[in-house]
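Asker: Got a structure for you, written out below as structure tokens; questions coming shortly.
Where a number appears in this text, it was derived from the coordinates with a stated rule and is not lab data. Worth saying up front: this structure is predicted, and the values here are computed from it rather than measured. Note: ideal-geometry Cβ built from the backbone for every residue, glycine included; neighbour counts use all protein chains shown.
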Amino acid sequence: MTVQGTGPAGDTVTIDGPVISAAAPTSGGAGALGARVARLEAERDIIRTFTRFFWLIDNRAYDSIATQCLTPDADLEFDLPAPHRLRGHDEFTGYLRTRVAPESEMVAHVPGLATVEWADSGQATLTAYTTAWHWFTARAQLGALRPADWTAVGLVDDVYQRHDGRWLIARRRVTPAAGLVAAGSPPPAGAPSR
């Protein structure tokens with residue numbers, strides 16, 4: 001593979017070498033530069049999937065989240081507001097349609113800085129805090145410009161796998177980082193955790 005780009009002084013730089021898979025980043029030896037570039041590209045794609053998930057939730061694009069962000073057999077475990085577990089595209093999308101959509105007027109996620117770690121096997125994990133601001137339909141009569149009804153801070157632990165050329169969430173676990181409530185009131189009985 002030949003990669004050509006512009007160096008810091010504006011000069012043209014050409015790198016010749018083998019095609020490097022992003023599945024197992026390495027360091028040192030032949031192809032080390034290519035492996036590091038592949039790892040950086042993989043991490044960028046992982047962060048993109050991580051933030052896309054929240055953007056799609058916040059924009060109520062419930063039918064797109066699973067196919068754009070999750071492996072087909074994704075295992076999702078949430079401990080907010082109460083423990084529940086979802087497996088696969090159909091179960092996750094069904095939960096969004098039947099539980100989240102009717103009860104959630106608006107939501108805004110603010111993901112914190114994320115750390116991506118690599119196992120020797122090439123498996124990527126991501127850890128980040130995320131603040132979620134929720135407005136519930138049960139309190140819609142208070143107006144759209146009211147403060148959030150419930151705010152929580154969650155610790156997100158993800159495992160990513162490469163699927164159909166993209167880095168997708170294979171496993172997600174969200175636990176409370178600072179108790180059930182950071183601000184506001186707990187969600188109404190049966191309210192979603194997104």
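Asker: Just to be sure, is residue 185 exposed (fewer than 15 other Cβ atoms within 10 Å of the Cβ), touching a Phe, Trp or Tyr at 6+ places or on another chain (Cβ under 9 Å), over 22 Å from residue 55 (Cβ atoms) and of a type in the set (S, T, N, Q)?
Answerer: It is true that residue 185 is exposed (fewer than 15 other Cβ atoms within 10 Å of the Cβ), touching a Phe, Trp or Tyr at 6+ places or on another chain (Cβ under 9 Å), over 22 Å from residue 55 (Cβ atoms) and of a type in the set (S, T, N, Q).
Asker: Out of (1) closer than 30 Å to residue 40 by Cα; (2) in a helix (DSSP H, G or I), the odd one out for residue 111 is which?
Answerer: Failing condition for residue 111: (2).
Asker: If you take the residues in segment 122-147 that are within 21 Å of residue 42 (Cβ to Cβ) and of a type outside the set (Ser, Thr, Tyr), which one is farthest from the chain's Cα centre (by Cα)?
Answerer: The extreme case among them is 122.
Asker: Related question: Give the residues of segment 123-144 that are closer than 29 Å to residue 166 by Cα and either touching a helix residue (DSSP H, G or I) at 6+ places or on another chain (Cβ under 7 Å) or assigned to a strand (DSSP E or B) (or both), sorted by residue number. Steps first, please.
Answerer: Step one: list which residues in segment 123-144 are closer than 29 Å to residue 166 by Cα, which gives 123-133.
Those that are closer than 29 Å to residue 166 by Cα and either touching a helix residue (DSSP H, G or I) at 6+ places or on another chain (Cβ under 7 Å) or assigned to a strand (DSSP E or B) (or both): 124, 125, 126, 127, 128, 129, 130, 131, 132, 133.
Asker: Shifting gears a bit: Looking at this structure, is residue 151 surrounded by 15 or more Cβ atoms within 10 Å (Cβ to Cβ), among the hydroxyl-bearing types (Ser, Thr, Tyr) and over 15 Å from residue 66 (Cα atoms)? Break it down into steps so the answer makes sense when it comes.
Answerer: On the way: surrounded by 15 or more Cβ atoms within 10 Å (Cβ to Cβ): yes; among the hydroxyl-bearing types (Ser, Thr, Tyr): yes; over 15 Å from residue 66 (Cα atoms): yes.
Yes.
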